[in-house]
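The values are calculated or read from the model by the stated rules, or taken from the named source; none is laboratory data. Please read all numbers here as calculations on a predicted model, not as lab measurements. Every residue, glycine among them, receives a Cβ derived from its backbone with ideal geometry; neighbour counts consider all protein chains shown.
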Amino acid sequence: MWLLLIKIVASGFIILATTTIGFEISRRYRDRPRHLRQLQSALQGLATEISYGVTPLPEAFATLATTHRSPISDMFQVAAQHLSMPGNTAQAAWELGLEALARQSALGTRDLMVVRQLGAVLGLSDSRDQERHLLLAVQHLEREAMTAEAERQQNERMWRYLGVLSGLLLVIVLV
């Protein structure tokens, strides 16, 4: 009797664990296109702040942190805080913001590499050059978003089913 109860509980835990893993991988496929679109919007807003508003970078970052949702807002919040301290460069602040973004978002390394290159030009060149680099990054992110959407359609449901079915298979094999 106890042995059967232990087997049932253990089986439930196995199925729960594999289902959770499958749903977590599926969530990353679902969130990546959304995060890319949010990042595109934020970079377009940054280009506008720099070229038309002639807003200093710390203020532009702080504004974008309040107008966007997490995890993009967190990136700009970290960058704004770091840049507002004396002696810090825009590139260092940008890198810290990207690290925060990488920890909290579903973005991949290719996505982050596109945005990482912006750190070298932010605050160092004239507003027209910065705007050009920002809009070029937006175009690259747009292509990545289309790829991410195709991957989402292909893989999101598969990983959910795979999580549940692998748990059932493992229970069948072990019992």
Test: residue in the range 156-170 that is free of Cβ contacts under 8 Å to residues at least 60 places away in the same chain and of a type in the set (S, T, N, Q): no
Between a residue in the range 28-42 that is closer than 16 Å to residue 158 by Cβ and assigned to a helix (DSSP H, G or I) and any residue that is of a type in the set (Val, Ile, Thr) and at pLDDT below 95, which pairs come within a Cβ distance under 9 Å, given they are 6 or more apart or on different chains? none
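If I filter the range 115-163 down to residues being of a type in the set (A, V, I, L, M), farther than 18 Å from residue 38 by Cα and part of a helix (DSSP H, G or I), which single residue comes out as modelled with the lowest pLDDT?
Of all residues in the range 115-163, those of a type in the set (A, V, I, L, M) come to 115, 118, 120-122, 124, 134-138, 141, 145-146, 148, 150, 158, 162.
Imposing the further condition that a residue be farther than 18 Å from residue 38 by Cα reduces the set to 120-122, 124, 158, 162.
Cutting the leftovers down to part of a helix (DSSP H, G or I) gives us 120, 158, 162.
Numbers: 120: 79, 158: 93, 162: 92.
Among them, the one singled out is 120.
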Kindly indicate whether any position in the range 101-114 is at pLDDT 85 or above, over 14 Å from the mean Cα position of the chain (by Cα) and hydrophobic (A, V, I, L, M, F, W, C). no
